[in-house]
1. Mind listing whichever residues of the range 107-121 are at pLDDT below 95 and either hydroxyl-bearing (Ser, Thr, Tyr) or crowded, with 24+ Cβ neighbours inside 10 Å (or both)?
2. Looking only at the range 54-75, which residues are in contact with a Phe, Trp or Tyr (Cβ under 9 Å, 6 or more places away or on another chain) and assigned to a helix (DSSP H, G or I)?
3. Can you say whether Ser179 is modelled with pLDDT of 90 or more and either assigned to a helix (DSSP H, G or I) or farther than 29 Å from Ile121 by Cα (or both), as far as the supplied structure shows?
4. Would you tally the residues in the range 281-296 being more than 11 Å from Thr365 (Cα to Cα), surrounded by 19 or more Cβ atoms within 10 Å (Cβ to Cβ) and under 17 Å from the mean Cα position of the chain (by Cα)?
5. Which is of a type outside the set (S, T, N, Q), in a helix (DSSP H, G or I), outside the structural domain of Ala299 (by TED's automatic domain parsing) and modelled with pLDDT of 75 or more, of Phe359, Phe399, Phe342, Phe328?
6. Select from the range 1-48 the residues that are over 23 Å from Ile107 (Cα atoms), touching a residue at least 40 places away in the same chain (Cβ under 8 Å) and either of a type in the set (S, T, N, Q) or outside any helix (DSSP H, G or I) (or both) and list them in ascending order.
7. Do we find a residue being more than 21 Å from Ser91 (Cβ to Cβ), among the hydrophobic types (A, V, I, L, M, F, W, C) and modelled with pLDDT of 95 or more anywhere in the range 68-77?
8. Could you give every pair whose Cβ atoms fall below 9 Å, whose first residue belongs to the range 398-421 and is free of Cβ contacts under 8 Å to residues at least 60 places away in the same chain, and whose second residue is part of a loop (DSSP other than H, G, I, E, B), counting only separations of at least 6 or pairs across chains?
Amino acid sequence: MSISLFITFYNDNHNFRSSSILLGGLTMFSIVALPIIRGYHYIGENDALTHLGHTRDLNNNVVGIEEIRYPAVHILGSVFSDLTTSSLNHSLLIILAIFILIFFVFISLSIKHMSKNTLIINIGVYSSFLLLPINHLGVSMQIHPTSQAIMFSPVLIYLFIRNYNDPRWELMILFSLVSAMFVILHPQQAANLIIFFTSIAIIQVLYQWSNSHLYEYSVITLVGVLVLAFWLWANNLAAFESSISSFVVSIMADSESGSQISSRGASLAELGGSLEGVFVRMFFVSLIYCGVGAYIMMAVTTKIFGLKQERLQFVLTGSDSSERMLLFYFTIGLIAVSVLFFAYLAGDMRSQYMRHYGFIMVVVTIMGAISLGRTIIYLNTLYDRDLFRKVTVLTATAFLILTTLVLFPSPYMYQTTGHVTEGQMDGFERAFEYEDDSYSYDHVRMSASRFSHAINGRDSNDRTDYYIDGVRLGGMPDHFSNQSLETYFDDRVYLTITRTDRVREPIIYNGFRFNHRDFEYLDDSPDINKVSSNGEFDLYIITHR
């Protein structure tokens, strides 16, 4: 990556620069594909396992496409598995990497068609490598249709820009087809794009109405196509109506986010960390891009409305009026989507508002890259060009290091990677094959019901079927070695323990909830029997006393 950056910003030969950018893309893609290169069986212990189950059901013709809320990822995984004869879990890991590659390509292309300056385009390419939408709260490096939709959203943004700059019927048809795919990829993210594009269409109509001499290609038709595709698919989704109801209720109810944040802060303090420290690690570069993105948004807005900010406008708005208008439209669209983000934030729907944050960072990546590029171009006219080449390369290097450190979950963020090993899968599969249906399950962190989805398919059993009286317990009590598990449970229970549990809890989490003594207790207690083990997975039976 260092070689790529150096040649891109120091060499004026077009072919050398193109080759260096290709080298940078290959390098970043190899980092993204590390789970595949390292031979991981699967990534993701929770929702990702359920989506593997959905894909298995679809591949086995247990469910139809229309029975899955957002089937695009599952369809792609199933088809890819059939075409390549690779396992479903491996196919989904490849699909995951391909979606991120799409993000790299179309963020770069979007910036290329918004600005013709070579330096800005190059900065846009390396900005895409930062993967700023990934936050591990609502957008992750796992099979998670919301995350894949966000990685795919630059395709629709790119086609929108192309249609705006050069309206042609071929591009219109392509935009329509991609809109339909995007809706079945994830309706919620399609709703984000509808808000984004609709606000642009409205402001375009108002601006043209107030400037009767101005003529631009109307984007209303494009917006209508996306809205129609969304309505046809989401109209019959009960889950979509339910999520809207939950959103409204959460806004009206008292938020408990303050107490939840305090609780998480106390937990991190026990581990030797802090909320502030984790926040800086995860969002430092994103905040910089938000700042420089806001800088160009303010510049184009003041220019459009005739307000005098000469230095700011001279640096950031450029001389191309069409490009300036497009930046202004993107500003309006970003503000509209941000309103929804803050509404979800007020409703304390954490996973939801971080999904919207992920989409916002797609647009911020584009705006921030253009803003950074124009600032550097201006500074190059004031100071030594070689100095700012060095500053650009060093800054890009620092940004890439900081974001790559948090690309995958790790102990750096007090998390594990979510690697699901083949031994864990085999252990759970054997447990399900020989289980007694009268027993319920319990766990430390890795839920048996999620593995059942992955192994047997999503529709094989409801998640609550695995727990006492159909109610999920949510895991073992903290520091259970100080308690009598034989009297804690009212009936016989299967307890699943993975090697990940034995490493994560006492080592990575410093025994915060479970320590080495807890796991030793399972082997020492006379009323707890280990009935299955393969090195990655242990199954115990706890007998009620």
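1. Met114, Ser115, Thr118
2. Passing the criteria: Ala72, Val73.
3. Against the criterion (modelled with pLDDT of 90 or more and either assigned to a helix (DSSP H, G or I) or farther than 29 Å from Ile121 by Cα (or both)), Ser179 qualifies.
4. So the count comes out to 1.
5. On the way: Phe359 fails: outside the structural domain of Ala299 (by TED's automatic domain parsing); Phe342 fails: outside the structural domain of Ala299 (by TED's automatic domain parsing); Phe328 fails: outside the structural domain of Ala299 (by TED's automatic domain parsing).
Of the residues listed, the single one that is of a type outside the set (S, T, N, Q), in a helix (DSSP H, G or I), outside the structural domain of Ala299 (by TED's automatic domain parsing) and modelled with pLDDT of 75 or more is Phe399.
6. Once the filter is applied, which keeps residues that are over 23 Å from Ile107 (Cα atoms), touching a residue at least 40 places away in the same chain (Cβ under 8 Å) and either of a type in the set (S, T, N, Q) or outside any helix (DSSP H, G or I) (or both), the range 1-48 yields Tyr40, His41, Tyr42, Ile43, Gly44, Glu45, Asn46.
7. To start, the set of residues in the range 68-77 that are more than 21 Å from Ser91 (Cβ to Cβ) comprises none.
The answer is no; no qualifying residue exists.
8. Listed pairs, sorted by first residue: Ser410/Thr416; Ser410/Thr417.
The values are calculated or read from the model by the stated rules, or taken from the named source; none is laboratory data. Remember, it's a predicted structure, so these values are computed and weren't measured experimentally. Using ideal geometry, Cβ is built from the backbone for each residue, glycine included, and neighbour counts are taken over all protein chains shown.
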